[in-house]
Amino acid sequence: MNYQIIADEKELIKFISWLPELKENEKYYVSLFARKKYCEEEIKSNDKTQLKRFTSTKERLLNKIKQLEVPLGTWELKNGVAPQKSLALYISSNPRCMKKATELMGKKCWDLMKAENFNLHAEAMSCIQKSKSRTCFVDFDIDDKEIDIDEIWLEKEIGKDNYTIVETRGGFHILVVPEKATSYRQKKFNDNKWYQLIQKKYPVDQSGDQLIPVVGTYQGGFVPKFY
């Protein structure tokens, strides 16, 4: 028996196709977590344990995700193994810049030279995570499953094709293409208030450049999907 990361391969492929095309020196940052809140009775360690993180191109992403489906018990926590229903896979919807990450890592190395114990790979991956290349999406994380996502309102305020909604285990992610939304507002309303309007309309928990659950994979037993 192996861990199951992929729940719906067709939806996953659709999600990968939806991701922006990468430019030179860009990669996607991906992270597999075990979340205590998905099975509190089975996990005694921290709420969120990062099991694996890596970078990928769009072309290699599907195979790299499949490589996470290792035998049950392989993903280990501090006090045991990660249960299947604790797993959740996340990705940066905005590409990461390898040149920016290299520059950041170069500066970090001087500090590491003074340290007695460190994980070089972990430090490098942290630099990649922090190195956003460009803003393809502004992400609004709504941690409320009961809320009604009013798409008629969204289409009116930021334009029909200027956003994507991903339904997750605990709520929704509204991913807005800022250039398109700004252009739409300026042409129709002669302003640029889409960010503030969304914040007022919905109970946004966090916003900006964030990791989002991968559509078509398991998130604590739930399968994130396009809304």
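The values are calculated or read from the model by the stated rules, or taken from the named source; none is laboratory data. Worth saying up front: this structure is predicted, and the values here are computed from it rather than measured. Using ideal geometry, Cβ is built from the backbone for each residue, glycine included, and neighbour counts are taken over all protein chains shown. Surface accessibility is based on the protein's heavy atoms, side chains included, excluding ligands, DNA and RNA. Shrake-Rupley method; radii C 1.70, N 1.55, O 1.52, S 1.80 Å.
Quick check on my filter: what residues within the range 15-48 are polar (S, T, N, Q), open to solvent by less than 100 Å² (accessible area, probe 1.4 Å) and either at pLDDT below 95 or part of a strand (DSSP E or B) (or both)? Result: 31, 45.
For the range 55-98, a tally of residues being open to solvent by 10 Å² or more (accessible area, probe 1.4 Å) and either without any contact (Cβ under 8 Å) to a residue 60 or more places away in the chain or part of a helix (DSSP H, G or I) (or both) returns 20.
The set of residues from the range 197-224 being touching a helix residue (DSSP H, G or I) at 6+ places or on another chain (Cβ under 6 Å) and in contact (Cβ under 8 Å) with a residue 60 or more places away in the chain comprises 215, 216, 220, 221. Looking across 51, 12, one residue alone is within 14 Å of the chain's Cα centre (by Cα), under 19 Å from residue 85 (Cα atoms) and surrounded by 14 or more Cβ atoms within 10 Å (Cβ to Cβ). It is 12.
Taking the criterion of being part of a loop (DSSP other than H, G, I, E, B) and charged (D, E, K, R), the only residue of the range 1-14 that qualifies is 8.
Of all the residues in the range 133-154, those that are crowded, with 18+ Cβ neighbours inside 10 Å and outside any loop (DSSP other than H, G, I, E, B) number 6. For the range 171-179, the criterion of being assigned to a helix (DSSP H, G or I) and either closer than 30 Å to residue 128 by Cβ or without any contact (Cβ under 8 Å) to a residue 60 or more places away in the chain (or both) is met by at least one residue.
Matching residues to (1) under 30 Å from residue 39 (Cβ atoms); (2) over 16 Å from the mean Cα position of the chain (by Cα); (3) open to solvent by 30 Å² or more (accessible area, probe 1.4 Å):
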| position | (1), (2), (3) |
| --- | --- |
| 171 | yes, no, no |
| 178 | no, yes, no |
| 190 | no, yes, yes |
| 196 | no, yes, yes |
| 206 | yes, no, yes |
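Filtering the range 152-169 to residues that are of a type in the set (Phe, Trp, Tyr) and within 20 Å of the chain's Cα centre (by Cα) leaves only 163.
Residue pairs whose Cβ atoms lie under 6 Å apart, separated by 6 or more positions or on different chains, with the first residue in the range 119-132 and assigned to a helix (DSSP H, G or I) and the second among the aromatic types (Phe, Trp, Tyr) and modelled with pLDDT of 90 or more, are 128/29; 129/29.
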